[in-house]
Every structure is written in structure tokens, then in C-alpha cells.
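The values are calculated or read from the model by the stated rules, or taken from the named source; none is laboratory data. The structure presented is a predicted model; accordingly, all values stated were derived computationally and were not measured. All Cβ positions, glycine included, derive from the backbone under ideal geometry; neighbour counts span all protein chains shown.
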Amino acid sequence: MAIENTLSIIKPDATKRNLTGLINAKLENAGLKIIGQKRIQLNKTMAENFYYVHKDKPFFNDLVSFMTSGPVIVQVLRGDNAIKINRTVMGATDPNEAEEGTIRKEFAETIEANSVHGSDSLENAKKEIAFFFAEIEIINQ
Ligand code: IDP
Ligand code: MG
């Protein structure tokens, strides 16, 4: 295993319900360290660019509307095997399929408003972190 950085987003459904602290506790309890974090408002162009891989999906326009419907917290998480560990603590995309104890099982409202995003590969983690963070904002410890 290797120490990795991954991008996490606490989505508008969760910031709206003031769940940042509870979600951060789940991340930290899973062994992930929050080494970068900021609360921002995405605009349409940013959300479209971030989710470009999904541009042909039927849910793309709704997803962009949802992601711009309120503030998000963008975060860099660091730890051994961080990408996989974060995906595990997040739970399945659809909260109805998410395991007990996962963030999405506990907090997600729907398959769309599912409280968190997490990078799914090392390559995407690097791209997604660079999308939101300057190098000076990330302290690797
Ligand atoms: P992931 O977030 O678990 O990696 P992806 O398939 O990459 O899931 O989808 C990105 C986001 O798009 C999801 O987190 C969710 O917000 C939304 N989404 C995915 N599938 C659907 C769907 O079938 N209906 C509505 N929204 C969806
Ligand atoms: Mg994904």
C-alpha cells in the first residue's frame, strides 16, 4: 500500500443540513487526514467541467443543477490507500445499496443528493485535486 491523496466533496444536500462535522468525523475515524479543506460555491461551468465524464448521461443536467444549488466543501484527504478507503467509507452511489455505517447509508437523501464525492483512481485524484487546489494549499502531513 502507499500513502495517497484523494479529493472529497461534501455536497450541497449535506452542507444544507449542517453535516460537515459528522461527515468529517466519519472520514477521520476511517483513518483519513483532512490536509486541505475549503467551503466554496460552484458555478455552472465549474460543475460541468468537473463532471465532464458524465456529460452524456441522462442525469447530467440535474447533477449540475444540484451541485450548484448551495455551497460545497472541497477537501484533500491523505492516508495509506486513501482513494480506496474513502470510497469504502462513502458507500455505494445509491444510498439504498450502501452498507451500514457508511456516509451515504447514514446521510444521503437520494442517488443524486448522496452527500459526498470521492475520486475513483489515482489518476483522477490528481486531476481533481488540481481542479480545486493550488499546490501551496496542500500540506502533506
Ligand atoms: P460516484 O459519486 O459514486 O462515483 P458516479 O457514477 O461517478 O458515482 O456519479 C457521479 C454522481 O452523479 C453521483 O455521486 C450522483 O450524485 C450522480 N448520479 C449517479 N448516478 C445517478 C443516477 O442514476 N441518477 C441521478 N444522479 C446520479
Ligand atoms: Mg464517480
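Structure above, values below:
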| quantity | calculated |
| --- | --- |
| Output for the stretch 80-110, where each listed residue is outside any helix (DSSP H, G or I), in contact with a Ser or Thr (Cβ under 6 Å, 6 or more places away or on another chain) and among the aliphatic types (A, V, I, L, M) | Ala108 |
| Pairs with Cβ under 7 Å, 6+ apart, first in the stretch 99-112 and at pLDDT 95 or above, second among the hydroxyl-bearing types (Ser, Thr, Tyr) | Ile103/Ser115; Arg104/Ser115; Phe107/Ser115; Ala108/Ser115; Ile111/Thr93 |
| Condition broken by Lys57, with the remaining ones in (1) more than 16 Å from ligand 2 (Cβ to nearest atom); (2) exposed (fewer than 13 other Cβ atoms within 10 Å of the Cβ); (3) assigned to a loop (DSSP other than H, G, I, E, B) satisfied | (1) |
| Flag if Ile34 is surrounded by fewer than 19 Cβ atoms within 10 Å (Cβ to Cβ), within 22 Å of Glu123 (Cα to Cα) and of a type in the set (Val, Ile, Thr) | yes |
| Any hit, the stretch 78-93, residues being within 16 Å of ligand 1 (Cβ to nearest atom) and more than 23 Å from Lys127 (Cα to Cα) | no |
| Residue within the stretch 28-40 that is in a helix (DSSP H, G or I) and under 20 Å from Asn140 (Cβ atoms) present | yes |
| First in the stretch 75-95 and under 11 Å from Lys105 (Cα atoms) and of a type in the set (Val, Ile, Thr), second anywhere and within 16 Å of ligand 2 (Cβ to nearest atom) and at pLDDT 95 or above, Cβ under 8 Å, 6 or more apart | Val89/Thr102; Val89/Ile103; Thr93/Arg104; Thr93/Ile111; Thr93/Asn114 |
| Cβ-Cβ under 7 Å pairs, at least 6 apart or on other chains, the stretch 125-141 side touching a residue at least 40 places away in the same chain (Cβ under 8 Å), far side part of a helix (DSSP H, G or I) | Ala125/Ile83; Phe131/Phe50 |
| Condition check for Ser115: surrounded by 15 or more Cβ atoms within 10 Å (Cβ to Cβ), of a type in the set (Gly, Ala, Ser), within 15 Å of ligand 2 (Cβ to nearest atom) and more than 16 Å from Pro12 (Cα to Cα) | no |
